[in-house]
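Heads up, the thing below is written out as structure tokens.
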Amino acid sequence: MAARRRLKRVAASQSGFLSFKSPSDPTASVGSRRKRVNKNKKKNWNKYSDVNDVDEFLEDVRHQERTTGGLLSEKADDSLFFLDLGQPEKPQPQGELKRKGKASRPLRIDLILKPDSLVPPPKDILAYQQPNAKKLRRIAEKAERLAAKGVVPRKQKRLLNRRPIDRTVKKAVAEANNNPDRDYYDIWGQELSADPWYLQQTGKKLVKRPAKLNEKPSVLPAVEVIAPGGSYNPDFFSHQALLQEAHQVEVQKKKQEDKLERQLAINKKDKATEETNLREQVEGLVEEENDDEELAPSKEDDEAALAAIAVTQKKSEKQIKKEKAEKFKEQQRLTSRRQTERQQQLFQLRSIKASIRQQEEKTKSKQMQRRIKQEAQKAQPRRLGKLKFQAPDLDVQLSDELAGSLRQLKPEGSILKDRFKSFQKRNLIEPRERAKFKRKLKVKYVEKRAFREIT
């Protein structure tokens, strides 16, 4: 009930409010009274404050700014008023005809898109801001002061020292762009310059190639010439030499196979017999009689017991002094012995020099042998993978297989396999073997109906 009365009083106090009751109504006199409001509370400021005149004033100012670009009170009279003298008549030239039709007007779409406000857009502060502007301005001012004094900055001084200027060479005069006789300029061409700093900064400096990449992995030739005995019409002795070489290869293979068989062979003594089988079966079932003889205490045990008893006894002062004196004498004896040995070494200079000379000669011989071994290894295939290199079989023909002419010659080997083995021998690729493909699923054979009907 109290809230309804409060709502009525607030509505009646507003300007332009027309109540349904007559002013003569005794209840209407309640709204005409002045409402006492506590203005020190913020929630009552907008509720009981009349700011219509302020809003109207601000709206009027905004309207003047949109239409005229500013306040009318600040405008000059010439910009607001003008003297209307009528439309002046333009003299029409005699050579031109009068153009019929209406004058050209802007399109309606252009009028719609044209801004109707004369207020300039707000200034974008971020567009004019520069990061570290104060710091950069301070650095520029300092550089200007140093330049006025003739001081060269350290960075510029380092650049000048890095690239020396040749005063004797004159600068080439650039030709004009409109000269038809000038040379053709290739923008993708290579600019040759001897300055390493310029090449490095422009990215045109070539990377230094390691010396290791220039070395060949093997000293063997790309194509090895076969022995004279491998010709289609060889000499007797050269052919026999080639046969002997092939025979030695086969003998070596046979030796390796025999060695492997000997290693895998079973020793006859290790074979199981009836006696050994019976002994293994009876093991642990038969009790063996052992004579329980008491072992007499050994002499070493007695000495260890006496030493333990002696350690537990406390030494007297006389014994301690005696041990110290003996220890000091022993140290003096060792010192004098070392000194004597050093003096004796002076008389052994010749023998020492001879031993040093022998050691140097031995070292040189070892270095020579190591160098020879390294040179020999360059002609050998290295271990590049998990497989070792296996030399191919020699292509040789027996005496009865020799042909008298090229027409009757039978080809031996394969060029592709020979090149493949040559790459492996010269350490260009690692030794490889053909992959073994295993079938995971078994092949299922199905008898068709047509075959079944026949059978």
Legend entry - Partners for Lys157 among lysines (Cα-Cα distance below 19 Å; same-chain residues under 8 apart left out): Lys142, Lys149
Inset, instruction - Sort 133-143, 391-401, 262-272 for me by packing, meaning the mean count of neighbouring Cβ atoms within 10 Å per residue, highest on top. - result: 391-401, 133-143, 262-272
Legend entry - All lysines inside 18 Å of Lys90 as judged from Cα atoms, apart from same-chain residues fewer than 8 positions distant: Lys98, Lys100, Lys102
Inset, instruction - With 19 Å as the limit, write out which pairs from Lys254/Lys373; Lys216/Lys378; Lys386/Lys438 have Cα-Cα distances beyond it, or answer none. - result: Lys254/Lys373; Lys386/Lys438
Legend entry - Accessible area of the range 107-159 divided out per residue, in Å², using a probe of 1.4 angstrom: 106 Å²
Legend entry - Projected-area average for the range 107-159 over all orientations - Cα convex hull basis, square nanometres: 8.2 nm²
Inset, instruction - Figure the gain on full extension for Lys268 and Asp400 (residue separation times 0.36 nm, minus the Cα-Cα span) and round it to one decimal in nm. - result: 43.0 nm
Inset, instruction - Determine the gain in length on full extension of the stretch Ser238-Lys253; use 0.36 nm per residue of separation and subtract their C-alpha separation, reporting nm with one decimal. - result: 3.1 nm
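Note down the net charge around Lys388, summing +1 for each Lys or Arg and -1 for each Asp or Glu among other residues with Cβ under 14 Å from its Cβ. Present the calculation step by step, with values, prior to reporting the outcome.
Working: positive: Arg382, Arg383, Lys386, Lys421, Lys425, Arg432; negative: Glu430, Glu433.
My count for the surroundings of Lys388 gives +4.
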Inset, instruction - Using Cα centres only, tell me the gap between the range 48-85 and the range 194-267 in whole Å. - result: 102 Å
Inset, instruction - Quote to one decimal, in nm, the extra length available between Glu317 and Ala148 on full extension: 0.36 nm per residue of separation minus the C-alpha distance between them. - result: 51.5 nm
Inset, instruction - Net charge near Val151: determine it from the other residues with C-beta under 12 Å of the C-beta of Val151, scoring Lys and Arg +1 and Asp and Glu -1. - result: +4
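Based on the Cβ-Cβ distance from Val61 to Leu126, what FRET efficiency comes out when R0 is 25 Å, to the nearest 0.05?
Computed FRET efficiency for Val61 and Leu126: 0.35.
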Inset, instruction - Could you pull out every residue, at least 5 positions away or on a different chain, whose amide H is within less than 5 Å of the one on Gly69? Hs are placed 1.01 Å off N in the peptide plane, and Pro or chain starts have none. - result: Leu118
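The values are calculated or read from the model by the stated rules, or taken from the named source; none is laboratory data. Computed from a prediction, not measured in an experiment: that's the story for all the values here. Because the Cβ atoms are built from the backbone with ideal geometry, glycine has one as well, and the counts that use them run over all protein chains shown. Remember, those area values only see protein heavy atoms, side chains included, never the ligands or the DNA or RNA. Shrake-Rupley method; radii C 1.70, N 1.55, O 1.52, S 1.80 Å.
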